Amino acid sequence: MKIDWEKNPLIPAIAQDAQTNEVLMLAYMNEEAYRLTLSTGYAHYFSRSRQRIWKKGESSNHTQEVEDLLLDCDGDTVVLKIKQNGVACHTGRKSCFFTSVIQEKTILEQAVDTTVLYGVVDTLYHTILERKQAPKEQKSWTKRLLDDPALMLSKIREEADEVCVAIEQESDEQVIYESADLLYHTLVGLGYRDISPDRVKQELARRFGMSGISEKESRTKK
């Protein structure tokens, strides 16, 4: 079975931990990315938003060493059996698949629990603070951003622009994806300044007259 690149110029590529079989991420490959992956032994993908080839870990050093590559029966999807160096997800989690739709649906059907919704943001922020305190020799994309304010600010500007492009031109899924990127990089900026996301929540509550956060509470948390 071979890939018909004329028929399928872009195919899904699923990265799976070779030892545990945990699915880590989904990206896309064109023919060039596919051949680079085979020739170098490291996962390369094609970015639909940036319209270019990218090597996984080219900025974060969280590379993926390919131990096997499986082609499905239709020849239009691949599974990469990989050794993940570092983490697969740009949020700092091991896998990109950490949100349970079933559990989230149940929560939304019962009531909108803001503590649950804010939990992801708070967890990510505290992870960023941990990276901030890590030794300089500990390499991570978050640590690199925190140690290089110019790079951090350029990424926030870049991600904000990509959100604008996605809102104007791309799918709902891409808008969500780019918004998550922007939120992550903004949280890194807040961590750089040691400003808790709670302060932002308080400001939103003040602006929109939401109950549950009094002016006294807001002052005491600052």
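Bear in mind these aren't lab numbers, they're just calculated from the coordinates by the rules spelled out. Since the structure is predicted, the reported quantities are computational estimates derived from the model, not experimental observations. Cβ sites come from the backbone with ideal geometry, for glycine too, and all protein chains shown count toward neighbours.
Per-structure values
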read-out: Relative contact order (percent, whole number), the chain, Cα cutoff 8 Å, 6+ residue spacing; value: 14
read-out: Highest-MSF residue in the chain out of Val78, Val188, Val200 [GNM, Cα springs under 10 Å]; value: Val200
read-out: Unsatisfied cross-links (Cα-Cα over 18 Å) in the set Lys55/Lys136; Lys55/Lys83; Lys94/Lys143; Lys55/Lys81; value: Lys55/Lys136
read-out: For the chain, built as a Gaussian network whose Cα springs stay under 10 Å, the top-fluctuating residue of Asn85, Asn21, Asn61; value: Asn21
read-out: For Pro9, net neighbour charge (Lys/Arg +1, Asp/Glu -1) across residues whose Cβ lies under 14 Å away; value: -2
read-out: Residue-by-residue Karplus 3J(HN,Hα) for region 122-139, coefficients 6.51, -1.76, 1.60, Hz, glycine and proline x; value: 5, 4, 5, 4, 5, 5, 4, 5, 5, 5, 4, 8, 5, x, 4, 6, 6, 8
read-out: Burial ordering of Arg131, Arg157, Arg93, Arg193, fewest other beta-carbon atoms within 10 Å first; value: Arg193, Arg157, Arg93, Arg131
read-out: Least to most buried among Phe46, Phe208, Phe97 (fewest other Cβ within 10 Å first); value: Phe208, Phe97, Phe46
read-out: Angle in degrees between helix 31-40 and the longest Cα principal axis of the chain, rounded to the nearest 10; value: 80
read-out: Measure of compaction for region 1-108 (Cα Rg per 2.2 N^0.38 Å); value: 1.11
read-out: Distant-in-sequence amide H partners of Met29 (H built 1.01 Å from N, under 5 Å); value: Ile11, Ala13, Phe46
read-out: In nm, spacing of pseudo-spin labels at Asn61 and Leu38 (7 Å Cα→C-beta vector); value: 3.1
read-out: Within the chain, percent of DSSP bridges classed antiparallel, to nearest 5; value: 80
read-out: Dipole magnitude of the chain, debye to nearest 20 (Cβ charges: Lys/Arg +1, Asp/Glu -1, about Cα centre); value: 1100
read-out: Angle in degrees between helix 172-192 and the longest Cα principal axis of the chain, rounded to the nearest 10; value: 60
read-out: MRE, 222 nm, helices only [DSSP H, n ≥ 4, -39500 (n - 2.57), over the chain, to nearest 500]; value: -15500 deg cm²/dmol
read-out: Normalised contact order of region 11-84, rounded percent, pairs of Cα under 8 Å and 6 or more residues apart; value: 33
read-out: Choice from Gln202, Gln84, Gln174 with maximal GNM fluctuation in the chain (Cα, 10 Å cutoff); value: Gln202
read-out: Partnerless cysteines, meaning none of the other Cys C-beta atoms lie under 4.7 Å away, in the chain; value: Cys73, Cys164
read-out: Selection from Gly57, Ile195, Cys73, by position along the positive dipole direction of the chain (Cβ); value: Ile195
